[in-house]
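Single-structure report; data block below.
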Amino acid sequence: MSKYIICLCLFFSTLILANDFEDFEQEYQKKEVKDSFYTYNKAMSKFNYDLYTYILRPIAISYKSITPSFVRTGVKNVFDTTRSPAKIINHLLTFEFKKAGEEFGRFCMNVIFGFGLLDSASKTSLKSYEVDFGTTLGKWGVNSGTHLVLPILGPSNVRDALALPIDWFLVPEAYIDNFWLGVGVNAALKLNELSFEYEKIDDIYQNSVDYYIFIRDAYEQRRQELIKQGN
């Protein structure tokens, strides 16, 4: 089990160090965040920044330069489609049946009409929702605990970090016979995602007075917003 947890910490969630911060500067409001591991978090945040700047970002840019846009978009759509079952399960666990139905409808449309490669459901009124087992625990009343920066994965907290193994076993890559192959597939999908997102990440790093504080507070606020939705 320790092997799985270590590997999850290194590869699972994202090669993107800050995810879904596009609207955070408009929505950001200063609030107190519990940060018991401040010294460690700052150091790990600097490690992640250097990793992104000198390794992940150049790889993503090179990948983007040699890969046609329609291919990257198709891979992104496959990634999103394969995450739909996990979203459906999490919605059901919090009794959000309408959202689960919408996610199921999107999944069926994208598989049947888009073969998983096209986002056919985007042409309908069916919505997709950002959800994972961390937000499910939050809706169950589990406190977030102190903020925690993870290697490569970036901002998190104790609750969300403990939810990562469950999130992993809700994605198809977890069931590839060769564990390392599954991890590699997950990493490749995340690299493709990064090729769409690195400019947003650059903007955060370049325009934040203290990028650690900004990302920390934005992450915690966003997670609270997601938990409150539907409650």
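The values are calculated or read from the model by the stated rules, or taken from the named source; none is laboratory data. Quick caveat, the model's predicted, so the values are computed rather than measured. Every residue, glycine among them, receives a Cβ derived from its backbone with ideal geometry; neighbour counts consider all protein chains shown. All accessible areas refer to the heavy atoms of the entire protein, side chains included, with ligands and DNA or RNA removed. Shrake-Rupley method; radii C 1.70, N 1.55, O 1.52, S 1.80 Å.
When you scan the range 42-49, do you find a residue that is farther than 18 Å from Ser208 by Cα, at pLDDT 95 or above and either assigned to a helix (DSSP H, G or I) or in contact with a Gly (Cβ under 9 Å, 6 or more places away or on another chain) (or both), even just one?
No, the range 42-49 contains no residue that is farther than 18 Å from Ser208 by Cα, at pLDDT 95 or above and either assigned to a helix (DSSP H, G or I) or in contact with a Gly (Cβ under 9 Å, 6 or more places away or on another chain) (or both).
Hey, can you tell me all the residues within the range 189-208 that are open to solvent by 30 Å² or more (accessible area, probe 1.4 Å) and among the polar types (S, T, N, Q)?
Gln206, Asn207, listed by residue number.
Pairs needed: first member in the range 131-146, under 11 Å from Asn90 (Cβ atoms); second member anywhere, open to solvent by 30 Å² or more (accessible area, probe 1.4 Å) and not in a loop (DSSP other than H, G, I, E, B); C-beta distance under 6 Å; at least 6 residues apart or different chains.
So the pair list comes out as Val131/Lys87; Phe133/Ile166; Thr136/Leu93.
Where in the range 69-179 are there helices (runs of 4 or more DSSP H), lying wholly inside it, with at least 1 residues that are closer than 30 Å to Glu32 by Cα and touching an Asp or Glu at 6+ places or on another chain (Cβ under 8 Å)?
Per the criteria, 69-93, 133-139, 158-168.
In the range 126-160, what count of residues is obtained for those that are among the hydroxyl-bearing types (Ser, Thr, Tyr), touching a helix residue (DSSP H, G or I) at 6+ places or on another chain (Cβ under 6 Å) and buried (at least 20 other Cβ atoms within 10 Å of the Cβ)?
Count: 3.
From Asp202, Asp177, Asp217, Asp167, grab the single residue that is more than 30 Å from Gly74 (Cβ to Cβ) and of a type outside the set (A, V, I, L, M, F, W, C).
Matching residue, one of Asp202, Asp177, Asp217, Asp167: Asp217.
Using the structure shown, decide if Gln221 is open to solvent by 30 Å² or more (accessible area, probe 1.4 Å) and either in a helix (DSSP H, G or I) or touching a Pro at 6+ places or on another chain (Cβ under 9 Å) (or both).
no
Within the range 94-113, can you find the residues that are within 12 Å of Asp80 (Cα to Cα) and open to solvent by less than 50 Å² (accessible area, probe 1.4 Å)?
Residues satisfying the conditions are Glu103, Arg106, Asn110.
Has the range 209-218 got at least one residue that is charged (D, E, K, R), open to solvent by 10 Å² or more (accessible area, probe 1.4 Å), under 28 Å from Thr39 (Cα atoms) and modelled with pLDDT of 90 or more?
Yes, the range 209-218 contains at least one residue that is charged (D, E, K, R), open to solvent by 10 Å² or more (accessible area, probe 1.4 Å), under 28 Å from Thr39 (Cα atoms) and modelled with pLDDT of 90 or more.
Any chance you could count how many residues in the range 72-93 are at pLDDT 95 or above and either of a type in the set (Ser, Thr, Tyr) or open to solvent by 50 Å² or more (accessible area, probe 1.4 Å) (or both)?
Residues that pass the stated criteria total 3.
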